[in-house]
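The values are calculated or read from the model by the stated rules, or taken from the named source; none is laboratory data. Remember, it's a predicted structure, so these values are computed and weren't measured experimentally. A quick note on method: Cβ atoms are made from the backbone with ideal geometry, for glycine too, and the neighbour counts reach across all protein chains shown.
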Amino acid sequence: MERTIYDNVVFSPERIIFEASPILGDGLVKKNTDAYLLEGETDYLDLSKIPIITSELDREYRRLVADAKKHNENDPYVVESKGIFKEHVRAKVRGGQYKNRKEYDMLNEDEIVEKE
């Protein structure tokens, strides 16, 4: 799912509902905190100041993202980083990190690395 300033998946009542507790990995905990009002001058994000995102603005945003991705594909730092990440994942695959994933049962090492 593409990440944007707004969630373009959730537009109607039959879509995702964020009422359930999160599923956390081992060693992680969720601490609930009570809401409170800070008196005096504070910095906060006033969402009423954000303009409505029109389809035209959305298209422009997607174009800018696509252009940035195209530009970054050949950036030496990005190419090197992808190579380092692939080797890291490959080492994890060799170490059996992904052997419990059912969707990887029929895949070879290279295919698992590409999916990850």
Inset, instruction - Find the residue count for the stretch 42-84, including only residues that are part of a helix (DSSP H, G or I), within 20 Å of E114 (Cα to Cα) and among the polar types (S, T, N, Q). - result: 2
Legend entry - Boolean, I53 is in contact with a Phe, Trp or Tyr (Cβ under 7 Å, 6 or more places away or on another chain), modelled with pLDDT of 80 or more and among the hydrophobic types (A, V, I, L, M, F, W, C): yes
Inset, instruction - Hey, can you tell me all the residues within the stretch 29-56 that are under 24 Å from the mean Cα position of the chain (by Cα) and among the aliphatic types (A, V, I, L, M)? - result: V29, L45, L47, I50, I52, I53
Legend entry - Residues (within 20 Å of the chain's Cα centre (by Cα) and of a type outside the set (K, R)) located in the stretch 85-97: F85, H88, V89
Legend entry - For Y98: the one exception among (1) modelled with pLDDT under 80; (2) surrounded by fewer than 12 Cβ atoms within 10 Å (Cβ to Cβ): (2)
